[in-house]
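Notes follow once the structure below has been shown.
The values are calculated or read from the model by the stated rules, or taken from the named source; none is laboratory data. All values reported here derive from a predicted model rather than from experimental measurement. Don't worry about glycine lacking a Cβ; one is built from the backbone with ideal geometry, like all the others, and counts go over all protein chains shown.
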Amino acid sequence: MRPMFLETICIKNGAVRNLQAHVERMRRTAEHFGFAAPELPCLEVMLPEPLRDKKVKCRIEYKGTICNIGFTAYTPKVIRSLRLVKADNVDYSFKFSDRARLDALNNRRGQCDEALIVQNGCITDTTYSNVVFRKNKEFFTPGTCLLNGTKRQKLLRESIIREAEITVDNLHEYEHVYLINSMLDIEDGVGIPVRNIYPSGHW
């Protein structure tokens, strides 16, 4: 049975952000799994009136057709600490609706707010975002991400961030880490000092 896929799109003050990147990802996903990507309806028309002046998370589930579209006002998760969680065999190169494996990893975060996933000693992503590290006023993202997110692609195209090999062993070279995704940009400031990234103790 074909899995369900997910797109999470930002709508701010009634305007859809970075739409083409999401459409292109849907097309790549559909091509890989052997079906035609469904066309998106006009999300700005569908947006409920009470949400038109807010930052909105639009969640779209699809297979061969659009199965569900939901709109919710967006409030970012508060992040004060991250836990390194080893997961050498996790593959999330496509954005599946089923997050069971990611949720299982996040359940290993202990008292921290979110898991920072490590594969073969390399930093990848959190369970819901790509990550960007600051060093000497420059911004770097791991070349070993699990999912090449739409915001990550945009920041790379604009040369705001650069790819780097970021590992458990060289984390100390960076000052701060920011979480980015379709809803979060660097300037939103959802991030922590690198000293607030804690080891798992199971290497």
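Some observations on this one:
- Some residue of the range 168-176 being among the aromatic types (Phe, Trp, Tyr) and part of a loop (DSSP other than H, G, I, E, B): yes
- Residue match in the range 78-91 (condition: touching an Asp or Glu at 6+ places or on another chain (Cβ under 9 Å), surrounded by 15 or more Cβ atoms within 10 Å (Cβ to Cβ), of a type in the set (D, E, K, R) and not in a loop (DSSP other than H, G, I, E, B)): yes
- Residue in the range 125-144 that is farthest from GLU24 (Cα to Cα), counting only those that are hydrophobic (A, V, I, L, M, F, W, C) and surrounded by 21 or more Cβ atoms within 10 Å (Cβ to Cβ): PHE133
- For the range 88-107, the count of residues that are of a type in the set (Lys, Arg) and over 30 Å from CYS67 (Cβ atoms) is zero.
- From ARG52, ARG25, residue being surrounded by 13 or more Cβ atoms within 10 Å (Cβ to Cβ), charged (D, E, K, R), without any contact (Cβ under 8 Å) to a residue 40 or more places away in the chain and not assigned by TED's automatic domain parsing to the domain that holds VAL190: ARG52
- Restricting THR29, THR72 to residues that are under 20 Å from the mean Cα position of the chain (by Cα), more than 19 Å from ILE180 (Cβ to Cβ) and not in a helix (DSSP H, G or I) narrows the list to THR72.
- Selection count, the range 145-187, where residues are free of Cβ contacts under 8 Å to residues at least 60 places away in the same chain, within 19 Å of ASN18 (Cβ to Cβ) and either crowded, with 17+ Cβ neighbours inside 10 Å or of a type in the set (Val, Ile, Thr) (or both): 11
- Count of the range 177-203 residues, restricted to those that are over 19 Å from the mean Cα position of the chain (by Cα) and assigned to a loop (DSSP other than H, G, I, E, B), is 5.
- Search result, residues across the range 75-99 that are of a type in the set (Lys, Arg) and either within 14 Å of the chain's Cα centre (by Cα) or within 21 Å of HIS22 (Cβ to Cβ) (or both): LYS77, LYS95, ARG99
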